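Trainee: Structure provided below as structure tokens; questions to follow.
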Amino acid sequence: MRKLISVAFILSAFIIVRGQTPVGSWSDHLRYNSFINVAAGSKEVFASNGSSLMVFDKESIQLRKLSRINGLAETGISTIAWSEEYNCLVIAYTSTNVDLIRDYTIFNIPDISRKYIAGRKEINRIRISGKYAYLACSFGIVVIDIVKREIYDTWKPGTDSENNEVWDIAFGNGNIYTATDEGVFYSDPGRSGLSYFGNWQKMNSLPEPIKKYSGVVFSGNKVYANYSGVTGDSLFSIGPGISLFTYSPGQFNRSLDPAPDGFIVSSGIIRYFDENGNLRKSISHYGFGDPDSYQTAADNSDLYIADLSWGLVQVRNMTNSRALTLAGPVSNNAINISSVSGKTIICSGGVDASWNNLWNPLNLSVFEDNKWTLFSTDSLSDPMRSVIDPVDKNHFFVSTWGKGLLEFRNDAVVNQFTEKNSPLQTIIPGQPFVRICGMAMDRDRNLWITQTEVPGSIKILKPDGTWIVNPVTINAPTIGDIIITRTDKKWIVLPRGQGLFVLDDKKTPEYFDDDVYKKITVTTSDNEIISYVSCIAEDLDGNIWVGTDQGPVIYYNPDKIFDSDIKAFRIKIPRNDGSGLADFMLGTETITSIAVDGANRKWVGTLSSGSYLLTQDGTAQITSFNENNSPIFSNSVVSVAVDGKTGDVWFATTRGVISYRGEAISGLERFTDVYAFPNPVREDFTGNVTITGLMKDTRIKITDISGNLVYSTVSDGGQATWDLTTYNGRRVATGVYLAFCASSNGSSSCVIKILVVN
């Protein structure tokens, strides 16, 4: 088992007083130590991890992020290219959307993504020549005019009118050369009518002339074409004549790229050939590890390598190597997030739709105090959930779908519980199928866990290390998440259409005779049956919110679940159009996750429309986040978590993890270290001032120094915001303002000063 890797970093954007990021701001949490594309300019180098970009400033020797938060159109990036002449970065997305970035301004060209094209629609590579960007696509070549920021033409190299996938493009001897699924084609790029396949010539003298060639580069009056073989790639040189240039069994050339006085082949190792085809430099070891290169860009005597294992590797003067990375999670994949008191744990595991193992390596990412602690090992797999000990944040547990239960202390695994050292059971004797999903810790720090497909579906690990096995066996093929309510009831999600299971152990987990339990089919107040249940949460009023494939439902008197056949309520929103009809809140959405913030509002994640913030009672939408109106990476949200201490809302999407600084934090029992941020407020600040450290439902009145009332509000949990305007909507003048804070019952109060500079 590998050791934990701890990486510390300082957040580069929006750091202000006390390290607080402004309410309403976003932070991306993507992996920045693994890259697949690179483009080098004279001042900056851009590296793509497939989700976002890392930018290396050569002059300041600084790294920064470039993602949807900074204005990129999307998250999935297929390839990039740089035009030094026009100071322009061209970004192609997996959706075939395109961005041009010139002078820090982003221009979007959505034409390709909007156009219907039969079959696959992808952009494989971008090459720049003059003012044009040439996109090698699955259906031909798209030419973009960089200056006019528009599509100039679409070309079709091939032997007939059918789409021929183009993998790469090169320029030389006045020709454009294309590597395609049907061989290598070339033509004069100035020739008219290149949208017609008959205006392209084919290199029929190549070995296997009608097979796939995945790369092409021009150097020293020769064309080099890469043939994609089964046992390895063959690189052929063309002109004059054709000869096999390189071939090694098991070696596959990922990218051919032009370089000063030669070209570079990236195939795990890096080979730099001069214009005569002589090997100038070969890199098979960095000094700190073996390369796993995907693409290499040359800049004078330096190389910049997009490496899958080491990040962006700079090789200075062809000799000295160093890895350039930014701290982030170990993986962009995430199935679950838990966040408590400033500590966030991301589990990058998962199961398929039938809850079978994916056998993903166990990857955990822990974020605390602006520092990432990463854990990764191939010996364990499929982490599912994490639970942080409320008494000791350095103590937490992780469930796995097959490898049992992991206990962590101080960033190290101290125990792995399986069938060999605990009552946990495997579904196949002698095989690694100790499947655990749900976990929850009660007020006595007993850890309750759910097991699937074994007798005794609920196990309990006590703080002293001993175990309790509850004898109840839940009749369901899969047993999912568990929550423990404030009245100590255990509610369990039964996925795959099985509903819910509720257990009341009468606060005697070791005594079973008084246990009461019940399997529930979710039935609404309209007597509709909803079979599919995906998630569950208890709000601050003790109501149980359940996520289904027909929106959220609510149990308002959950403690009566054993006394009567109580119904779940669906929230109805009147249309107010005179019809007298109403619609169910999010009634057409599949809910994937529900989290409750410090103001008792509900953050709801959905399968296909992003995330929604609902009021306390769920009758109104406060806001929504999707790909069209926010930086969120995907409309498919897997997990949502709210940190009651910081107000951060974490979203695990199918394209990575992102967080949003929410307005609400958990209300405190008393005023504790109350302060405002930013403070002072500078003239260029355009956001909201946040007052934190408050009690729940604190009444706040803000006055100028003369006592004139400027603004009043009630806190969201333990936090409140002010948009720096008065009641007439105008920004306040320069001066000192007083915020008078009083508890809801008037028993406690405090005053803070806020300096505003305009």
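Read-outs throughout are calculated quantities, based only on the coordinates presented, and are distinct from any laboratory measurement. This one's a predicted model, so the numbers in the text were calculated from it and none came from an experiment. A quick note on method: Cβ atoms are made from the backbone with ideal geometry, for glycine too, and the neighbour counts reach across all protein chains shown.
Trainee: Calculate one ³J(HN,Hα) per residue across region 385-393 by plugging θ = phi - 60° into the Karplus curve 6.51 cos²θ - 1.76 cosθ + 1.60, and present them in order as whole Hz with x for glycine and proline.
Mentor: Running phi through 6.51 cos²θ - 1.76 cosθ + 1.60 with θ = phi - 60° gives 9, 9, 9, 9, 5, x, 8, 9, 5 Hz.
Trainee: Enumerate the calculated ³J(HN,Hα) couplings along region 131-141 in order (Karplus 6.51 cos²θ - 1.76 cosθ + 1.60, θ = phi - 60°), each rounded to whole Hz, writing x wherever the residue is Gly or Pro.
Mentor: Each residue's phi maps through the Karplus curve to give 8, 10, 9, 9, 9, 7, 10, 5, 10, x, 10 Hz.
Trainee: Shape verdict for the chain, please, from the Cα gyration tensor: rounded (a/c under 1.5), prolate (a/b greater than b/c) or oblate.
Mentor: Because a/c hits 1.5 or more and a/b exceeds b/c, the chain counts as prolate.
Trainee: Charges on Cβ only, +1 for Lys and Arg, -1 for Asp and Glu, centred on the Cα centroid of the chain; of Gln425, Gln62, Asn360, which one is farthest towards the dipole's positive end?
Mentor: Farthest towards the positive pole: Gln62.
Trainee: Restricting to DSSP H runs of at least four residues, report the calculated mean residue ellipticity at 222 nm for the chain, -39500 (n - 2.57) per run over all residues, nearest 500 deg cm²/dmol.
Mentor: 0 deg cm²/dmol, from helical runs alone.
Trainee: Of Ile141, Ile61, how do they rank once you tally other Cβ atoms within 10 Å and put the fewest first?
Mentor: Arranged by neighbour count, lowest to highest, Ile141, Ile61 become Ile61, Ile141.
Trainee: Would you work out the charge dipole size for the chain about its Cα centre, treating the Cβ of every Lys and Arg as +1 and the Cβ of every Asp and Glu as -1, and quote it to the nearest 20 debye?
Mentor: For this selection, approximately 660 debye.
Trainee: Check the straight Cα-Cα distances from Lys567 and name the aspartates and glutamates below 19 Å, setting aside those fewer than 8 residues away within the same chain.
Mentor: Reachable aspartates and glutamates: Asp504, Asp526, Glu528, Glu538, Asp539, Asp541, Asp549, Asp559, Asp583, Asp617.
Trainee: Applying the Karplus parametrisation 6.51 cos²θ - 1.76 cosθ + 1.60 with θ = phi - 60° to the phi angles of region 26-34, what ³J(HN,Hα) value in whole Hz is obtained for each residue in order, glycine and proline being reported as x?
Mentor: 10, 9, 8, 10, 10, 7, 10, 10, 8
Trainee: Which of the trypsin sites (Lys or Arg not before Pro) found in region 595-676 are loop residues per DSSP with 14 or fewer other Cβ atoms within 10 Å of their Cβ?
Mentor: Arg670
Trainee: While we're on this one: How high is the relative contact order of the chain, in percent, with contacts defined as C-alpha pairs under 8 Å that are six or more residues apart?
Mentor: Answer for the chain is 8 percent.
Trainee: Along the charge dipole of region 179-252, pointing to its positive end and built from +1/-1 on Cβ of Lys, Arg, Asp and Glu, which listed residue (Pro207, Leu244, Ser219) has its Cα farthest out?
Mentor: Result: Ser219.
Trainee: Please sort by residue number the trypsin sites (Lys or Arg not before Pro) in region 400-438 whose DSSP state is loop and whose Cβ has at most 16 other Cβ atoms within 10 Å.
Mentor: Lys420
Trainee: Further question: Is the shape of region 598-651 rounded, prolate or oblate, going by the alpha carbon gyration tensor and its root eigenvalues a ≥ b ≥ c, with a/c under 1.5 for rounded and a/b larger than b/c for prolate?
Mentor: Cα axes put region 598-651 in the oblate bin.
Trainee: Identify, among Val502, Thr590, Ala298, the residue whose Cα sits farthest towards the positive end of the charge dipole of the chain, taking +1 on the Cβ of Lys and Arg and -1 on the Cβ of Asp and Glu, with the dipole about the Cα centre.
Mentor: The Cα lying farthest towards the positive end belongs to Ala298.
Trainee: A further question follows. Setting aside same-chain residues fewer than 8 positions from Lys507, which lysines have a Cα under 22 Å from its Cα?
Mentor: In chain and number order, the partners are Lys459, Lys462, Lys489, Lys490, Lys518, Lys519, Lys560.
Trainee: What's the FRET efficiency of Ser161 with Lys58 using the Cβ-Cβ distance as r and R₀ = 41 Å, to the nearest 0.05?
Mentor: So, using R0 = 41 Å, E works out to roughly 0.30.
Trainee: While we're on this one: Under a Cβ-only charge scheme (Lys and Arg +1, Asp and Glu -1), can you give me the dipole magnitude of region 675-756 about the Cα centre, in debye to the nearest 20?
Mentor: Dipole magnitude for region 675-756 comes out near 140 debye.
Trainee: What's the exposure ranking of His395, His29, going from fewest to most Cβ atoms within 10 Å?
Mentor: Going from least to most buried by this count: His395, His29.
Trainee: What ranking do Val147, Val756, Val38, Val469 get, fewest neighbouring Cβ atoms within 10 angstrom at the top?
Mentor: Sorted ascending by nearby Cβ count, the order is Val147, Val469, Val756, Val38.
Trainee: Using the crude model of +1 on Lys and Arg Cβ and -1 on Asp and Glu Cβ, and no other charge, please compute the dipole size for region 519-571 relative to its Cα centre, in debye to 20.
Mentor: Dipole size: approximately 120 debye.
Trainee: Same structure again: Excluding residues on the same chain fewer than 8 positions from Lys696, give the lysines whose Cα lies under 25 Å from its Cα.
Mentor: Within the straight-line cut-off, Lys696 pairs with Lys343, Lys393, Lys602, Lys645, Lys753.
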